[in-house]
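Just so it is clear, none of the values below were taken in a lab; they were calculated from the coordinates. Remember, predicted model here, so these are calculated numbers, not experimental data. FYI the Cβ positions are ideal-geometry reconstructions off the backbone, even for glycines, and counts take in every protein chain you see.
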Amino acid sequence: MSARYLDAAESVMNVYSFLDSLKAEHEESLAMLSESPVVEQLGKATAGLPALLKIALQNEMEALEIAASWAATAPEPEVKLAFARNAGDEARHYQMLEEKMRAMGVDLSRFRPLDFPSPLLSYLRTLHTSAERVAAVLVTRKAVGARCNVQFLKYLEAVGVREIAALFRQTIIPDGHRYHASGWEILPRVAVSHADQQRARRASLRVLSICEEVRSLAMLRTGAPAVPGC
């Protein structure tokens, strides 16, 4: 058996060992987001609904912004296409959510979602390699977003916001799952070297940390039992 074959086999094993380790770290961090939100004091929670929906709208615009930027600069065709598709879907989510919010009477005349970038967007803009970017957004942000959005959907259903709940149930959450799955498929092809795997892990863990900080602050500020995904 040639040394080249052995090296290639070892490299494949190292990649999948890295993926298994990263998945285990994700599950540990995301365990709390699998719990159903405690929907109490609905009067107070409903009063903060416009603010929560604006958070969701900003999330969509920021996701569009970073995906479009990375689609333009990714060297690998499959990464470029993944972020391009993601940008298109985020734009569609934004438009659909905006229309439903306006129909509810939410005032968006002064809403500028990119005027004050979130800590997450600011961090994502510092990432340069495809391994970091895929791990940070498609693998990690989509995982956090999907679980937060499932909780937020339960809140929307509890307070009777049916049309926006349907948008999350039928479109936003399934799209998030689809991009999350694509991230796990792409990551082993762009995080082959030990250095790229380390960068990917650092980016992933940092996104988990930022998302939890942002989520906690949003729940404290709005008094809501659940907030839209980061």
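For the stretch 149-163, 3J(HN,Hα) computed residue by residue from phi via the Karplus equation (6.51, -1.76, 1.60; θ = phi - 60°) reads 5, 5, 5, 5, 4, 4, 5, 4, 5, 5, 8, x, 8, 5, 5 Hz, glycine and proline entered as x. Using a cut-off of under 15 Å, list every residue of the stretch 90-121 whose amide N is near the label point 7 Å from the Cα of residue 166 along the Cα-to-beta-carbon line. Backbone N within reach: 96-97, 99-101, 103-104. Here the spin labels are modelled as points 7 Å beyond Cα on the Cα-Cβ line, and at residue 126 and residue 24 they lie 2.8 nm apart.
Set the Förster radius R0 to 25 Å, insert the Cβ-Cβ distance between residue 14 and residue 209 as r into 1/(1 + (r/R0)^6), and round the FRET efficiency to 0.05. Rounded to the nearest 0.05, the efficiency is 0.50.
Dipole check for the stretch 141-230: with +1 at the C-beta of Lys and Arg, -1 at the C-beta of Asp and Glu, and the Cα centre as origin, the magnitude is about 180 Debye.
What does the charge add up to near residue 191, with Lys and Arg as +1, Asp and Glu as -1, over the other residues with Cβ less than 11 Å from its Cβ?
Numbers: positive: 133, 189, 199, 201; negative: 132, 196.
Overall, the nearby charge balance is +2.
Hey, which of these cross-link pairs are over 21 Å Cα-Cα: 54/100; 80/142; 23/142?
Numbers: 54/100 12 Å; 80/142 17 Å; 23/142 13 Å.
In this structure, no pair lies more than 21 Å apart at Cα.
Grab the other residues whose beta carbon is less than 14 angstrom from that of residue 106, score K and R as +1, D and E as -1, and report the net.
0
Over the chain, the alpha carbon radius of gyration divided by the compact-protein estimate 2.2 N^0.38 Å works out to 1.07.
Per-residue 3J(HN,Hα) values for the stretch 178-190, derived from phi via the Karplus relation 6.51 cos²θ - 1.76 cosθ + 1.60 with θ = phi - 60°, read 5, 6, 4, 4, 5, x, 5, 6, 7, 3, x, 8, 10 Hz in sequence order (x marks Gly and Pro). Computed from label points 7 Å out along Cα-Cβ, the spacing between residue 91 and residue 189 is 2.4 nm. Only Cα pairs within less than 10 Å get springs; with that Gaussian network setup on the chain, which residue of 33, 81, 220 has the largest fluctuation? Looking only at 33, 81, 220, the largest GNM fluctuation is found for 220.
Along the stretch 90-104 the Karplus relation, 6.51 cos²θ - 1.76 cosθ + 1.60 evaluated at θ = phi - 60°, assigns HN-Hα couplings of 5, 5, 5, 4, 4, 5, 5, 5, 4, 4, 6, 5, 5, 5, 7 Hz to successive residues, with x for each Gly and Pro.
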